[in-house]
Amino acid sequence: MAAASMVRAAGRRSRRVFDIFVAEVPWTVSSKELKEYFSQFGSVQRCQLPFDKDTGFHKRYCWIQFSTPQDVQNVLQKDSHILEGAKLALKQQPPRRRSQRKIESE
């Protein structure tokens, strides 16, 4: 019984999502370019760059999902992040499980 509990706990840890919120993203930068830039710090799992339905432009912020907490720390250790001449504003999001995000979005 204890072994099954340990396996479930390990599975929960592996499903954690580690995000950084990025603001002040230049209009000309795409999610592909953001993913390429942040991949120098670690394995980027996903880049979510929301778009405005009315204007068709992105909203100048995004979330970056990394594989490990170390990848997130690698990003935060750099003093400034500049893309196309604009300084990005980064903020670490508290790590949450995907199941928590699903509940919050409902």
Cα pairs beyond 20 Å in region 19-92, in percent, come to 23 percent
By the mean-Cβ-within-10 Å protection proxy, highest first, 75-82, 58-65, 20-27 rank as 58-65, 20-27, 75-82
Note to self: with every protein chain in place and a 1.4 Å probe, region 19-92 gives an accessible area per residue in Å² of 60 Å²
Sorted by chain and then number, the residues having a modelled amide H within less than 5 Å of the amide H of Q93, at least 5 places away or on another chain, are D19, I20, F21
Phi angles of region 42-51, converted by Karplus (6.51 cos²θ - 1.76 cosθ + 1.60, θ = phi - 60°) into ³J(HN,Hα) in whole Hz with x for Gly and Pro, give x, 7, 8, 7, 7, 10, 10, 10, x, 10
Interchain or sequence-distant (5+) residues whose placed amide H lies within less than 5 Å of the amide H of H81 are L88
Here, S80 and Q40, labelled 7 Å along Cα→Cβ, have an inter-label distance in nm of 1.5 nm
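The values are calculated or read from the model by the stated rules, or taken from the named source; none is laboratory data. Not measured: the values here are computed from a predicted model. Cβ atoms come from the backbone with ideal geometry, glycine included; neighbour counts cover every protein chain shown. Please note that ligands, DNA and RNA were not included when accessible areas were found on the heavy atoms of the full protein model with its side chains. Shrake-Rupley method; radii C 1.70, N 1.55, O 1.52, S 1.80 Å.
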